[in-house]
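The block underneath contains the structure these notes are about, expressed in structure tokens.
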């Protein structure tokens, strides 16, 4: 039979003090003699008592204050993530959770660091953010942790920092998957691949391209990477220019956003078009699949990311170990396995 976990009442009884006195010692509220403090601490050690922070927070009606910082702009994926966090904020409000959703300019580490400092000064308990490969951001995350603020990296990790947990897919594996799918589409033959990213300073985009190279280097020619800043018009102009300059391109891998511009290029391009693999099932990529303009969408399941991120922030605030779930496994969509449109009967 499992041994019962000791309670605070057991501690009080062992220390020969009242429950209220033991509670004051455990929760560091003061007003207890040194002799009683020593007896309570000795009882805690003897019994192996572990304070249930979650229960204490509940009994004290603690208000949890979290913030999520997302890239601003026209990125349809992050618009979806933002909407999901807003829904989560409303759902969590009865549990005394205040969840703020804030935007900063995409690919701007200085703006991100400035926002993190403001949130720290405002006294939040935890922050979820989209990582950037920048020494300023790493230092800012470490500074938050030094001040006792939990940090969850979301979608794009900063592994060299002191962040608590990363929530998202394994981006390098996603890039390898794209490379394998492109290889299969070429039926064993070679070709030339055009990678498109928002910015290589975004770890998720850089890791995806690295994964692509893991599979294709030595078998495919990889064209210079286009950094489209996740802007539809910029992606449209630069992809059109690249295809005109290099008619031998047989595949496009878009590891970032701005894909409405890519689809416009493909609509105007005569057959045969390149094989196209890109990320995130959003309205315009869905239409591209249905119209036969793109072939495969690798979707990182934002609903799961938002759920994990909010649960992890709450666990960290309660000083519990977050569930060790590993990377999120993305879903691969083709035209034939698209889910129903949201709200469809």
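The values are calculated or read from the model by the stated rules, or taken from the named source; none is laboratory data. Here the structure is a predicted model, which means the values were calculated and not measured. All Cβ positions, glycine included, derive from the backbone under ideal geometry; neighbour counts span all protein chains shown.
Points worth noting:
- Test: residue in the stretch 101-116 that is under 16 Å from residue 310 (Cβ atoms), surrounded by fewer than 22 Cβ atoms within 10 Å (Cβ to Cβ) and not assigned by TED's automatic domain parsing to the domain that holds residue 280: yes
- Residue match in the stretch 320-331 (condition: touching a residue at least 12 places away in the same chain (Cβ under 8 Å) and part of a helix (DSSP H, G or I)): no
- Summed over the stretch 96-127, the residues that are in contact (Cβ under 8 Å) with a residue 60 or more places away in the chain and touching a strand residue (DSSP E or B) at 6+ places or on another chain (Cβ under 8 Å) give a count of 7.
- Residue count, the stretch 109-142 (criterion: within 19 Å of residue 159 (Cβ to Cβ) and in a helix (DSSP H, G or I)): 12
- Options 126, 143, 131, 160; residue that is under 27 Å from residue 174 (Cβ atoms), modelled with pLDDT of 95 or more and in contact with a helix residue (DSSP H, G or I) (Cβ under 8 Å, 6 or more places away or on another chain): 126
- Residue list for the stretch 250-272, restricted to those being assigned to a loop (DSSP other than H, G, I, E, B) and buried (at least 19 other Cβ atoms within 10 Å of the Cβ): 250, 255, 256, 257, 258
- So residue 336, is it part of a helix (DSSP H, G or I) and within 30 Å of residue 149 (Cβ to Cβ): no
- Residue that is nearest to the chain's Cα centre (by Cα) [pool: residues in the stretch 273-312 that are in contact (Cβ under 8 Å) with a residue 40 or more places away in the chain, farther than 25 Å from residue 83 by Cβ and not in a loop (DSSP other than H, G, I, E, B)]: 277
- Residue check, residue 229 assigned to a helix (DSSP H, G or I) and either under 18 Å from residue 155 (Cα atoms) or modelled with pLDDT of 95 or more (or both): no
- Checked against (1) outside any loop (DSSP other than H, G, I, E, B); (2) more than 15 Å from residue 277 (Cβ to Cβ); (3) in contact (Cβ under 8 Å) with a residue 24 or more places away in the chain, residue 175 passes all but condition (2).
- Residue check for residue 26: under 25 Å from residue 318 (Cβ atoms) and surrounded by 14 or more Cβ atoms within 10 Å (Cβ to Cβ): yes
- Among residues that are closer than 22 Å to residue 305 by Cα, crowded, with 20+ Cβ neighbours inside 10 Å and modelled with pLDDT of 95 or more, residue 196 is not included.
- Selected residue (only one of 84, 92, 99 is modelled with pLDDT under 95 and under 30 Å from residue 341 (Cβ atoms)): 92
- Single condition residue 86 does not satisfy, out of (1) assigned to a helix (DSSP H, G or I); (2) more than 20 Å from residue 308 (Cβ to Cβ): (2)
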